[in-house]
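Report on the following structure.
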Amino acid sequence: MTMKQDDNVKKSKWLCSKCGGPLEEGPVKAEYLGGNFEIELLECPVCKNVLITEELAAGQMLEVEKSLEDK
Amino acid sequence: MSIDRFAQKKSLTALRGKEGAYKSILKIDTENEKVLPRIKPKNATFTKEEAINEALRCVQCECHKCVNACIHLQKEKLDPKAYIRTINQNERIILGDHYANKTINSCLECGLCGEICPESINMAEIIKETRTSMVSKDKMPISAHDFALKDMEFTNSSYFELIKHQPGRNSSNYVFYPGCQLSASYPEYVSKAYNYLTEKLEGGVGLYLGCCGAPANWAGRQEQFNSSIEKIYSNLESLGNPVIITACSTCFNNFRENIKDIEIKSLWEIFDEKGLPSDVKLGNGKILSVHDACTTRKEKSIHESIRNIAKSLGYKVEEPEFTRETTKCCGFGGLVYFANKEFSKEVTENRIKDSENDYLAYCAMCRDLFVLKGKKAYHILDLIYGNGSAEISDMKVPTLSERRANRFKLKKELLKNLWGEEMDIKEKNEYENLKIVIDDELKGKMEDELILDIDIKKVIGYAEKTNNSFFNPENKHILAWRRLVNLTFWVEYEKVNDTFNIINTYSHRMDVTGV
């Protein structure tokens, strides 16, 4: 199962509060109910903080969560 | 029959019992059926048209009384037979999706089907067993009941739980158990009702604030429910096993079914027996349609008390089509309000349509759900303790966060005013005192997505402390996150002096473990 950050975010103006640097897209690991995923998400390359948008959380991510809960 | 089997390519010999005339357990209302005269063939055999017309006389005997009454069965397009088959299939799935989980978690467990069924087939009992089985096999979706179970935990924590003898006494003949939802919706009425009881009843009236365990029972969490009942038993024992007086139908029903050797009465029966407070406002002939609570559909004495109270206050009582034993659920039952919010709203709207008149409810959740959907509705305590104005029937309903705050404040105030004690919180929430501002639109979204003010405060407090957040230099907004137990909450906010204006919030269950 793959999930991807929406395109709007690529143009987003969010910066890392910790180091002030811009975010870059990169593979991030996620887990739910024993299912492991790799998602392309925006993250701070220095501090490693990952940004999840509402569109992803309430969209694809929710769908995956629901389908795993029904397994 | 053989021709029918042959035409349908079924076995001609298998399972051929009960053919010809036999006594069926099926009960059918034939009053409204038109009995058409038998079609006799003009010649020795039927023509095609004659055969079709003769076959069309068959009324296709089926009983759908429960389906006609229950919006859940209608929505799922299932009668009990098909429902039980679906549950059976869902339970047997080893590989693949448990496709009926959402259906099973959308039953209100209100028992209307069982009440209406000539054979008393009650889906509520079957659903309860099914949910218990799903939990035991670890197949119950966590998100369905997670919020309600956490709320139950809060209600049984030192933020709300209170077990006391009446001030100045060390024994109790009675104990008032107002219930967690009435305390959340109408804390001031709980105080007034408690004062009333201590004045009217002899031998001491203790007070017990807590949760009766209904969320665990509805969620199929049998172990949790049993331990909750055991705890209630031991707390009642510490009070000397007094008569329990409940002001919540769900508590009443849970205690009646699970606490066998202790007498239970409803507050409404006490009002009816002992008389109403002297300063009540009168209804002056206003018509109210009684909405009975589904959890006490079998309690005739409660139904009578409610009607007697309303009539003695000068209201005219209307009975909607589904009333007393056959009342409908308001949309909260079976935790459907949390497991399938969209459907819960349809249930509320469906019940609202049953009467043009304002509703009179005696369950806080019924009243609140009706008002949230724009129906004017009174709680019976609005008639007894309200200010008599019509605005009370569309009085604002507290949010999920306010419900918790109201419970907490009720305990704090009662402890101080009646027992002269300060509240001692063992599990204090961090960042509880953070100042946040949320507009009404976002509050509505938080209600639907079950996000509490305290979740937001915990995210902001932690982000401000650790600087773990993102920053938008254009509008100066901050986007922060925090994992709390099994959910990650995200909050977009702006800081103005010492206040945090909340722009948006959302959550997900998936744990993003990192790069």
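The values are calculated or read from the model by the stated rules, or taken from the named source; none is laboratory data. A quick note: this is a predicted structure, and the numbers were derived from the prediction, not measured. Because the Cβ atoms are built from the backbone with ideal geometry, glycine has one as well, and the counts that use them run over all protein chains shown.
What to note about this one:
- Entry remark, the stretch B:304-340: residues being β-branched (Val, Ile, Thr) and under 30 Å from B:Thr103 (Cβ atoms) number 4 in total.
- Filter result for B:Glu356 (assigned to a loop (DSSP other than H, G, I, E, B), charged (D, E, K, R) and modelled with pLDDT of 95 or more): yes
- Checking each residue in the stretch A:23-66 for being hydroxyl-bearing (Ser, Thr, Tyr) and within 7 Å of another protein chain (Cβ to nearest Cβ) picks out only A:Tyr32.
- For the stretch B:84-95, the candidate set comprises residues that are at pLDDT below 95 and surrounded by fewer than 13 Cβ atoms within 10 Å (Cβ to Cβ); within that set, the residue that is nearest to the other protein chains (Cβ to nearest Cβ) is B:Leu95.
- Number of the exception - B:Ser136 against (1) assigned by TED's automatic domain parsing to the domain that holds B:Ser185; (2) surrounded by fewer than 20 Cβ atoms within 10 Å (Cβ to Cβ); (3) of a type in the set (S, T, N, Q): (1)
- For the criterion of being closer than 22 Å to B:Lys409 by Cβ and assigned by TED's automatic domain parsing to the domain that holds B:Arg297, B:Leu239 fails.
- Considering the stretch B:246-341, the qualifying strands (runs of 3 or more DSSP E), each wholly inside and each with 2 or more residues that are farther than 23 Å from B:Gly213 by Cβ, run over B:287-291, B:316-318.
- Within this structure, B:Lys81 fails the test of being in contact with a Ser or Thr (Cβ under 9 Å, 6 or more places away or on another chain), in the same structural domain as B:Gly111 (by TED's automatic domain parsing), at pLDDT 85 or above and not β-branched (Val, Ile, Thr).
- Residue list for the stretch B:75-121, restricted to those being free of Cβ contacts under 8 Å to residues at least 40 places away in the same chain and touching a helix residue (DSSP H, G or I) at 6+ places or on another chain (Cβ under 6 Å): B:Glu76, B:Asp79, B:Ala100, B:Thr103, B:Ile104, B:Ser120
- Residue match in the stretch B:247-258 (condition: surrounded by fewer than 20 Cβ atoms within 10 Å (Cβ to Cβ) and closer than 23 Å to B:Pro277 by Cβ): no
- Residue that is surrounded by the fewest Cβ atoms within 10 Å (Cβ to Cβ) [pool: residues in the stretch B:283-315 that are among the small types (Gly, Ala, Ser) and within 23 Å of B:Thr348 (Cβ to Cβ)]: B:Ser289
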